[in-house]
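This report refers to the structure that appears directly beneath it.
The values are calculated or read from the model by the stated rules, or taken from the named source; none is laboratory data. Remember, it's a predicted structure, so these values are computed and weren't measured experimentally. Don't worry about glycine lacking a Cβ; one is built from the backbone with ideal geometry, like all the others, and counts go over all protein chains shown. Please note that ligands, DNA and RNA were not included when accessible areas were found on the heavy atoms of the full protein model with its side chains. Shrake-Rupley method; radii C 1.70, N 1.55, O 1.52, S 1.80 Å.
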Amino acid sequence: MRKLVVTHYDNKILQAVIQDGKVTDLNLSEGSTVLGNIYVGKVANIVNNINACFVDYGDRLPCYYSLDDNDIIYADGREHTKLRIGDEIVVQISRDAVKTKNPVGSSELTLRGDYCVVHTGEQIGVSNKISSRKLRDELKDIARNTLPAGIGCIIRTNAVDADPELIKRELNELGGRLTQILKAAATRKCFSCLYRNPPEYIENITFMGSNKLDSLVTDDEEIFHVFEDYIEKKQPGTIDLTLHTDTACPLTAIYNLNKEVEGALKERVWLKSGAYLIIQQTEAMVVVDVNTGKAISGRDMEQHMLKVNTEAAIETCRQLRLRNLSGIVVIDFINMKNPDDILRIRDTLIRELADDPVPAKFVDITKLGLIELTRKKLKRPLHEMVKL
């Protein structure tokens, strides 16, 4: 049973995913964001030594734009030429500003749906979580026969059990919209917003996959009607939508969300076993240290350490999601002598990361016995959003 709760916290919109009675994801937003928006931008500065430029799109900070990673889309539609200061190009904000870092812009324009992510370029891919070769080939054929020229896509895991007609309809809709955005760029003024991403609370539904939600509750009437329209268009009858109107007992109290947010801002996280995690974010990486704390061992010390480390691995993955921590993550588990036990902890991490909507992967076990993994940077971490 997976529920999305949307309410207010400190003048921001708080979204909490609750699965089997436990909060698995937290997200704070200010109601509006440039993330995912597509603009006609103007090249403000070119930095040759890093082969990048900064593109002004009308916001406070210009976005960083890598010339190595992007095929430039000129607003007037002309063929690729050497980029110059003052050129107008089409960019999508692919990453929020983080601390002192500017937002990141990309010319791989993407529109996200429930079953696919449509993008510029003709490459067609299928989620690695769809293992059936036959199904992968069928989904690719559907995309090839549906999308307009010059548009590609990635078929999402949600497409596994979806009606092919729904997938075709979404590919048609998103492919056509992206084509229109590219055409519109030639007639729009510099700094025009060609596409505005849906509110973040709507974007999070498509990000998780609406078919993974069983119910949704909010105490904001305006947000309720936005969800109502979205569900009616996308997934009628599949999500139980509720408007909570009891002001004497707010959603934050019912689901203990204030405590969840406060807990996700603390360095120390206690585990049921009596052990605890210390989670620290540095400029370069996130460090997690597992400590035995009050955990009492039985006769079999190795078995006890395996149990504590397994609990710590599961909670670490949950905390990465709650706090939206990203980049390189290094975990120092309690030492174990049996190499097979270390591999079991690795397998636990891989299994837990597989359910994370943000791309994350296990990397390596170092010579010192530390475990490294990475989690993609997409949005600001929770502690930064609280301070805004």
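Of note:
- Size of charge dipole - the chain - debye, nearest 20, with Cβ of Lys, Arg +1 and Asp, Glu -1, no other charges: 780
- The residues packed around N51, meaning those with a beta-carbon under 10 Å from its beta-carbon, carry a net charge of -2 if Lys and Arg are +1 and Asp and Glu are -1.
- Cα-based shape type of the range 180-294, given that a ≥ b ≥ c are square roots of the gyration tensor eigenvalues and the cut on a/c is 1.5: oblate
- In the range 54-106, trypsin sites (Lys or Arg not before Pro) in a DSSP loop with at most 11 other beta-carbon atoms within 10 Å: R60, R78, K82, R84, K99
- The chain: relative contact order in percent, alpha carbon pairs under 8 Å with at least 6 residues between: 15
- Compared with the dominant principal axis of the Cα atoms in the chain, helix 301-323 is inclined by about 30°.
- Axis angle, to the nearest 10 degrees, between helix 133-146 and the longest C-alpha principal axis of the chain: 30 degrees.
- Y115, Y65, ranked by accessible area, largest first (probe 1.4 Å): Y115, Y65
- With all protein chains in place and ligands, DNA and RNA left out, the 1.4 Å accessible area ranks H119, H80 as H80, H119, largest first.
- Convex hull per residue volume in Å³, alpha carbons only, for the range 88-139: 110
- Global geometry of the range 103-235, whether rounded, prolate or oblate, following the gyration tensor of its Cα atoms and the 1.5 cut on a/c: oblate
- Cross-link pairs K101/K361; K22/K387; K134/K307; K3/K379 - those with Cα-Cα distance over 29 Å: K134/K307
- Angle in degrees between helix 339-353 and the longest Cα principal axis of the chain, rounded to the nearest 10: 40
- Which of L265, L251, I342, positive extreme of dipole for the range 243-350 (C-beta unit charges): L251
- Here, the chain yields an orientationally averaged convex hull projection of 21.9 nm² when only Cα atoms define the hull.
- Straight-distance candidates among the aspartates and glutamates for linking to K337, with alpha-carbon spacing under 16 Å and chain neighbours fewer than 8 residues away dropped: D300, E302.
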